[in-house]
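Undergrad: Quick one: the structure is below, questions incoming.
Each value in this text was obtained by applying a stated rule to the coordinates, not by laboratory testing. Source: prediction; values computed, not measured. Here the Cβ is made from the backbone with ideal geometry for all residues, glycine too, and neighbour counts use every protein chain on show.
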Amino acid sequence: MDILINNAGVTFHPFKKTCDGYETHLQVNYLSHFLMTHLLMPLLKKSKQGRIINVSAHAYATGKMNIDDPLCISNLAPAFHPRDAFSHSKLSIIMWTRKLAGILTKSTAVTVNCVLPGLVRGTKHMRQSPIMKVWSARMLMLPWMYLFMKPAMMGAQTAIYLATETSIASTSGKLFK
């Protein structure tokens, strides 16, 4: 069995275009996964059973997809907000996962699913958050964040389940949390 877990990501990143001309959240959180998956697809297809696991986030629920602008070029406008860019990138992951599952299950033994790990401590994903930039707010929030965020080992459990569980070998296009 060959397994690819797409887990790179940024959140609350200030506006910046990448050298490829895309907004940073979109390129890191979605386009990089898309490219890596397609580059490794020949190897995954050769496997007895290949599994692709895409990590998304609960923020996908507030994402908005403009079908006329799927690469989010409009996010380059002055109204840019990192929260919206992050949500869009995570919604893109889920939509692509479902589309890819429909394509792969017709002709391969490769499955693709999404996972929502929840808020996980120690990932530094909140370092760009506006809350973390204000000393007094950070001091008030850190104890609560520690209480309500999962340790890394708990955050990884669903991805590990998707990577190893034999009973879901043919499950594809689903969202797990």
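Undergrad: Taking H placed 1.01 Å from N in the peptide plane, check which residues at least 5 places from Leu119 or on another chain put their amide H under 5 Å from its amide H.
TA: Lys150
Undergrad: How high is the relative contact order of region 9-70, in percent, with contacts defined as C-alpha pairs under 8 Å that are six or more residues apart?
TA: Once divided by the residue count of region 9-70, the mean separation gives 19 percent.
Undergrad: Counting only other residues whose beta carbon sits under 15 Å from that of Ile168, what net charge do I get with K and R as +1, D and E as -1?
TA: Surrounding charge for Ile168 is +2.
Undergrad: Continuing with this model, one more query. Which far-off residues, 5 or more places away or on another chain, put their amide H under 5 Å from the one on Val110, with H placed in the peptide plane?
TA: Gly50
Undergrad: Could you pull out every residue, at least 5 positions away or on a different chain, whose amide H is within less than 5 Å of the one on Ile3? Hs are placed 1.01 Å off N in the peptide plane, and Pro or chain starts have none.
TA: Amide H neighbours of Ile3: Arg51.
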